[in-house]
Amino acid sequence: MSNDPLERHTLEEWASIDPTLAEGVRQYRTKQISGGGEGITPANARSWTVHQLLTAEFPDPVWIIPGIVPAGLSILGGRPKVGKSWFLLQIAHSVGMGGKLFNLQLEIGKVLYLALEDNAKRLQERLKASKVPEDARIVFHTEWRPLNDGGIGDLLIELEGDDYKLVILDTLSRAVPGVDQNDPTTIGPIMADLQSLAINRDIGVLLCDHIRKPMGFAGDPIDDIISSTAKTAIADTILALYKEQGKPGAILMGRGRDIPEVNLKLQFDQSTSCWQSEGDAREISLTERRQEILD
């Protein structure tokens, strides 16, 4: 059985749910059939012998942020007002222009940015503060149907019609109003659909979420994301931005299936409204402690 949410219903069933969505599904299936010279490759095979696995040549992984965010479903958590939205815009800017983030070269691609907690005026102010150029390949939406009420289907149609590399959803809670995120039977299928959407298209889907612990540098991204563990169990990469109240800087921590552990010390540059990396937070902390002893 296919993992693609578009294959979940017949065309007649899709039509009863949403006629516009049904037409998008029909076009998608027609394209799959007419363009079907792809065949079974390591990228789309679903069953393997040991010999096939050991001898297969897999393509290199697709990176949104090299070494930090691969293609797939990712979560960025953090307490309110720590700078998550600025960081998301910085990522979108870097992808949309093919620029650098933390001195890492990003591959250019189109970004779909669902800024569900913002209005157009606030987005304009942030774009100007961050000096995002007019030709950045970012499409903003301040409203979107709930993911649990047609929004996933809308995403599928939007992504099928254009060459997107990254979807940013700020925030997950705004995208699933009324959904009990502590109930794995309700939030789990939504997360699974988003992951399938990302993996089947080799793109990134980055969700903004909240963490439960007080502000501070000590934490665990997987344990700290609010609500059901179904969210972090399904996500491929979990990042969290930690900031101590009243102190400059922040720590970006991350763990995932395809990345080494991330632990970066960041400083917010007021002149560019962007986060800058100072390097590995653990090494910096160790150096500072040694210096204190010497002093």
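Side notes on the structure shown:
- Cross-chain or 6+ apart pairs with Cβ under 7 Å, the stretch 145-168 first and at pLDDT below 90, then of a type outside the set (K, R) and in a helix (DSSP H, G or I): E160/G24; E160/Y28
- Any hit, the stretch 215-224, residues being buried (at least 19 other Cβ atoms within 10 Å of the Cβ), farther than 20 Å from D183 by Cα, at pLDDT below 90 and among the charged types (D, E, K, R): no
- Any hit, the stretch 46-62, residues being at pLDDT 90 or above, within 28 Å of R212 (Cα to Cα) and of a type in the set (A, V, I, L, M): no
- There is at least one residue in the stretch 128-139 that is of a type outside the set (A, V, I, L, M, F, W, C), assigned to a helix (DSSP H, G or I) and surrounded by fewer than 18 Cβ atoms within 10 Å (Cβ to Cβ).
- Whether a residue is in contact (Cβ under 8 Å) with a residue 24 or more places away in the chain and of a type outside the set (S, T, N, Q) was assessed, and D202 passes this test.
- With respect to the conditions (1) of a type outside the set (K, R); (2) crowded, with 19+ Cβ neighbours inside 10 Å; (3) closer than 26 Å to E261 by Cα; (4) at pLDDT below 85, A43 falls short on a single one, namely (2).
- Listed by position, the strands (runs of 3 or more DSSP E) enclosed by the stretch 48-126 that each have at least 1 residues that are under 14 Å from the mean Cα position of the chain (by Cα) and not hydrophobic (A, V, I, L, M, F, W, C) are 72-78, 110-115.
- In the stretch 206-285, counting only strands (runs of 3 or more DSSP E) that sit wholly within it, the ones holding 3 or more residues that are touching a residue at least 60 places away in the same chain (Cβ under 8 Å) and under 22 Å from E117 (Cα atoms) span 237-242.
- Single condition L166 does not satisfy, out of (1) in contact with a helix residue (DSSP H, G or I) (Cβ under 6 Å, 6 or more places away or on another chain); (2) in a helix (DSSP H, G or I): (2)
Here is a yes/no grid of residues against (1) among the aliphatic types (A, V, I, L, M); (2) buried (at least 20 other Cβ atoms within 10 Å of the Cβ); (3) in contact (Cβ under 8 Å) with a residue 60 or more places away in the chain; (4) under 27 Å from D220 (Cα atoms):
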residue: F58; (1), (2), (3), (4): no, no, no, no
residue: I64; (1), (2), (3), (4): yes, yes, yes, yes
residue: P70; (1), (2), (3), (4): no, yes, yes, yes
residue: P80; (1), (2), (3), (4): no, no, yes, yes
residue: A92; (1), (2), (3), (4): yes, yes, yes, yes
residue: L101; (1), (2), (3), (4): yes, yes, no, yes
residue: L112; (1), (2), (3), (4): yes, yes, no, no
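The values are calculated or read from the model by the stated rules, or taken from the named source; none is laboratory data. Every value quoted in this text rests on a predicted model; they were computed, and no experiment measured them. Please note: Cβ atoms are built from the backbone with ideal geometry, for glycine as well, and neighbour counts cover all protein chains shown.
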